Every structure is written in C-alpha cells, then in structure tokens.
1. I'm trying to understand the selection: among the residues of the stretch 121-141, which are modelled with pLDDT of 90 or more and among the aliphatic types (A, V, I, L, M)?
2. Among the residues of the stretch 17-37, which ones are touching a Gly at 6+ places or on another chain (Cβ under 7 Å) and exposed (fewer than 10 other Cβ atoms within 10 Å of the Cβ)?
3. List, please: which pairs have Cβ atoms under 7 Å, are six or more places apart or on different chains, and start with a residue in the stretch 18-46 that is polar (S, T, N, Q) and end with one that is at pLDDT below 90?
4. Which members of the stretch 158-205 meet the condition of being farther than 24 Å from T29 by Cβ and either outside any loop (DSSP other than H, G, I, E, B) or of a type in the set (S, T, Y) (or both)?
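The values are calculated or read from the model by the stated rules, or taken from the named source; none is laboratory data. Predicted, not measured: the structure shown is a model, and the values here were computed from it. When we count neighbours, we look across all protein chains shown, and the Cβ atoms used for this are built from the backbone with ideal geometry, even at glycine.
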Amino acid sequence: MEDYLVNICTDYKKLADAAGVKINLDKNTPTPFLEEDQKKAPARAPNKDGLPVEVTANNKPIRPGVVGTGSHSVTSDANEIQDFNVLGWNASFIETCCKEFGFAMSSPSDEDIDSLDLYKPDASPNNRGKLNHIAASILMRLLYAARYARFDLLRAINKLASFIAYWDEDCDKRLGRLVGYVYSSRKRRLVGWVGDPPKDLAPHT
C-alpha cells in the first residue's frame, strides 16, 4: 500500500507541476486539512430574514432562551426554570414573545450584511482552479487506499469529492494539503489483532 500511495503522490506532483501548481512533498504535513478560521464564515453573519439580531428590554439587550410549561415566562437563563421545554430558535416564537412582553426587535439591513467582511466563494468561470481536470482521478485513487487501509483519509477525500463540479482555487490548496499528508504519513500502518487463543481460530470461508 505504501508503494501505491507514493505512486499517487508522484503522479500528482508531475501533473501539478505541469499545471503550474508547486508542491513540496518533503515538507511534513501533520493533518489532511487546511486550517479553517470561521471568523469570516457566512454562517456567522446575522440573519436578516429570520431571527432578530438583538432583542431589547429597558434599553438592555437580552437573548430569549426557553419558555416553560404553564405560566412560566421567557428567560435568558435556563437554570431559573424547572420543568421547562426548550423551543428552537423559531422566528414566529420570538416575535410572539416580543409582542407579549413589549420587547423591541431589530434585524440587520442589506447594507449591514454587505458591510461585513465575510468570506464569499468566487463561483465565476475564471476561478475553476488549475487542478480541476485531474482532481477526480487523484481523489478516486486515494479513495481506494482509504477504504482499504487508511480510514483517516476518508473524511478529507469525501469532502473534496463533493466539490468536483465546483472546483476552485481553494480546492487546489486542499488537494495539495491532502496529498502532502498522504506522503508524510506513508509509513503508517493499520494494525489489527485477535484476542482469541489460536486453538479457537479457523479460516474464514
């Protein structure tokens, strides 16, 4: 399996060099994933259509958390309520609570959303990446090894495989990181053992 993985990495390096993408296989790569900082992820942006960004009472921001059974009221501290049911962050639920208790709701405008420095993937045809034409071949060859003996590669390969039709420059970097990790960890072995005494063992048929 080591020779198989080395051949894949060597082929990748040749094809990447031909496409103008440089990779140093001798560099130690500890994980198959790039460092992902979620500070600028789109999911961190406030939702302009659903949930309120801020709910205020007496000019102080609060966050409605749960509502209890019976006559329990809205609270921001679940520990203050016994026998409560947690309700999901539902826009209509929050709106009802705000109306009942006289809270003010505010949501961000389109200008507020656009002003945030968020990561926005470039889906233009000019950003197809330089390795989109070899990505499927490299990933499927790696997937064979991953399913056979390298389970630590499965998540990274399957994640990248879902971007085959939308390959971009970021995927180029991720594929290079994956191949670098495969080459760095080529000496690793998957070891299994059986704890039963030899007299209790028989060939599997």
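1. Scanning the stretch 121-141 gives L131, I134, A135, A136, I138, L139, M140.
2. Listed by number, the list holds a single entry, K27.
3. Partner pairs satisfying both residue conditions: Q38/R44.
4. A165, Y166, P198, K199, D200, T205, listed by residue number.
Condition check ((1) surrounded by 12 or more Cβ atoms within 10 Å (Cβ to Cβ); (2) out of contact with any Lys or Arg (no Cβ under 8 Å at 6 or more places or on another chain); (3) at positive phi; (4) not basic (K, R)) across all residues:
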| position | (1), (2), (3), (4) |
| --- | --- |
| N158 | yes, yes, no, yes |
| W167 | yes, no, no, yes |
| C171 | yes, yes, no, yes |
| G176 | yes, yes, no, yes |
| G180 | yes, no, no, yes |
| G192 | no, yes, no, yes |
| G195 | no, yes, no, yes |
